[in-house]
Amino acid sequence: MTLAVPAAVATAADSPGFLSPSGVEIAFVLVGLVTFAAAIATVTTKQLVHAALWLVVALGGLAVEYLLLTAEFIAWVQVLIYVGSVVVLLLFGLMLTRAPIGLSPDADSPNRWAALTVAVASAAALVWVVVDAFRTTWIDLDGPVQGSTDVTGSILFKHWVLPFEALSVLLLAALVGAIVLSRKKNAAETTGAAASAAAAEGEGTR
């Protein structure tokens with residue numbers, strides 16, 4: 001009985017606690033802070049192109065967080081789909097709609113407090129749902145690696161097929177909407193230029 005106590009004390013001393021984080025945990029917190037700052041800059045900057053670039057930093061930070069959690073497959077999916085596709089789609093939308101490249105004061109919304117309230121409420125609801133859903137969940141260390149291609153593909157195509165397909169339709173609708181807006185603007189500019197030319201020609205004949 002007397003030998004069990006020193007053994008337990010030695011085991012507790014060897015295992016890292018909350019006040020002695022490892023290097024991976026420190027890197028996780030630092031990357032999380034950078035990602036949070038990039039997300040704040042995305043929604044507060046008044047330049048649309050800068051917002052898209054800050055979004056790249058935020059999504060890249062999430063990919064690093066997945067790597068630190070040993071979910072390599074999800075990290076590369078984050079890079080390929082979100083950083084490589086969604087941001088490119090946003091930039092194409094900016095170019096097709098001929099959005100201003102520089103400072104855009106009119107792009108800012110006066111409803112900041114309403115947006116902040118909705119964001120805080122959404123974050124609280126998301127945290128509550130995740131904590132409540134995984135409170136009694138245990139990871140089987142002897143089973144397949146969580147975040148691997150096998151486990152992620154099985155969960156994705158068994159339980160998350162509809163949201164996955166809805167996301168692809170949403171991105172397609174955004175691209176089609178950008179093309180429609182650019183065509184309407186081009187048609188309006190062409191009509192205005194033709195009307196101005198006709199008016200100038202009429203004044204010239206007089």
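The values are calculated or read from the model by the stated rules, or taken from the named source; none is laboratory data. Since we're looking at a predicted model, the values are computed, not measured. Positions of Cβ are backbone-derived with ideal geometry, glycine not excepted, and every protein chain shown enters the neighbour counts. These area figures cover heavy atoms from the full protein model, side chains too; ligands, DNA and RNA do not enter into them. Shrake-Rupley method; radii C 1.70, N 1.55, O 1.52, S 1.80 Å.
Yes or no, residue by residue, for (1) at pLDDT 75 or above; (2) open to solvent by less than 90 Å² (accessible area, probe 1.4 Å); (3) among the basic types (Lys, Arg); (4) touching an Asp or Glu at 6+ places or on another chain (Cβ under 9 Å):
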{"site": "Ala133", "(1), (2), (3), (4)": "yes, yes, no, no"}
{"site": "Lys158", "(1), (2), (3), (4)": "yes, no, yes, no"}
{"site": "Pro163", "(1), (2), (3), (4)": "yes, yes, no, no"}
{"site": "Ala178", "(1), (2), (3), (4)": "no, yes, no, no"}
{"site": "Arg183", "(1), (2), (3), (4)": "no, no, yes, no"}
{"site": "Glu189", "(1), (2), (3), (4)": "no, no, no, no"}
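Scan region 160-179 and report the pairs whose first residue is closer than 15 Å to Val86 by Cβ and whose second residue is of a type in the set (A, V, I, L, M, F, W, C) and surrounded by 13 or more Cβ atoms within 10 Å (Cβ to Cβ), with Cβ atoms within less than 8 Å and a gap of 6+ or a chain change.
Phe164/Leu156; Leu171/Val86; Leu171/Leu89; Ala174/Leu89; Leu175/Leu89; Leu175/Phe92; Ala178/Phe92; Ala178/Leu96
Under 9 Å between Cβ atoms, which residue pairs at least 6 apart in sequence (or on different chains) link something in region 104-122 that is at pLDDT below 85 with a partner that is open to solvent by 60 Å² or more (accessible area, probe 1.4 Å) and charged (D, E, K, R)?
The qualifying pairs are Ser104/Lys46; Pro105/Lys46; Ala107/Lys46; Asp108/Lys46.
If you check Ala52 against the conditions, is it among the small types (Gly, Ala, Ser) and either more than 23 Å from Leu175 (Cα to Cα) or modelled with pLDDT under 80 (or both)?
On the way: among the small types (Gly, Ala, Ser): yes; either more than 23 Å from Leu175 (Cα to Cα) or modelled with pLDDT under 80 (or both): no.
Criteria not met by Ala52.
Which condition breaks for Gly147 when tested against (1) under 26 Å from Ala75 (Cβ atoms); (2) at pLDDT below 80; (3) of a type outside the set (Ser, Thr, Tyr); (4) open to solvent by 80 Å² or more (accessible area, probe 1.4 Å)?
Among (1) under 26 Å from Ala75 (Cβ atoms); (2) at pLDDT below 80; (3) of a type outside the set (Ser, Thr, Tyr); (4) open to solvent by 80 Å² or more (accessible area, probe 1.4 Å), the lone unmet condition for Gly147 is (4).
Might you check whether a residue that is at pLDDT below 75 and in a helix (DSSP H, G or I) occurs anywhere in region 123-130? Please lay out each step first, then the result.
First pass over region 123-130, keeping only residues at pLDDT below 75: none.
No, every residue in region 123-130 fails to be at pLDDT below 75 and in a helix (DSSP H, G or I).
Where the second residue is surrounded by 15 or more Cβ atoms within 10 Å (Cβ to Cβ) and the first is of a type in the set (D, E, K, R) and lies in region 27-50, which pairs have Cβ atoms under 8 Å and are six or more apart or on separate chains?
Lys46/Ser104
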